[in-house]
Amino acid sequence: MKQCTHADALPHPEPEPRSQTCPECLAEGTDPVQLRLCLDCGHVGCCDSSPRQHATAHHNETGHPVMRTFEPGENWRWCFVDHVLV
């Protein structure tokens, strides 16, 4: 079973969210389907089910490896690099 090699290097405590919604969607006038929080810097981006997939775009631009869901009642994390739940 593959494991995440990045979770141990995440900042503690996790960063504060920079916004309450995806700022790229807001600027473009699109609606995010669900939100994700970058655990490296606090960027909030929309999920891959959203039209523009800004959370993945943020990872591709920055290399920040792990995000978590930013949806109420959910608490899972995803490593973009290792392609596993953390």
Do you know which residues across the range 1-32 are closer than 17 Å to Glu74 by Cα and either surrounded by 15 or more Cβ atoms within 10 Å (Cβ to Cβ) or aromatic (Phe, Trp, Tyr) (or both)? Glu14, Thr21, Pro32
When residues of the range 1-37 are filtered for being of a type outside the set (Lys, Arg), more than 14 Å from Gln53 (Cβ to Cβ), modelled with pLDDT of 95 or more and under 14 Å from the mean Cα position of the chain (by Cα), how many remain? 8
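The values are calculated or read from the model by the stated rules, or taken from the named source; none is laboratory data. Fair warning: this is a prediction, and the values are worked out from it, not measured in the lab. Positions of Cβ are generated from backbone atoms using ideal geometry, with glycine treated the same way; all protein chains shown enter the neighbour counts.
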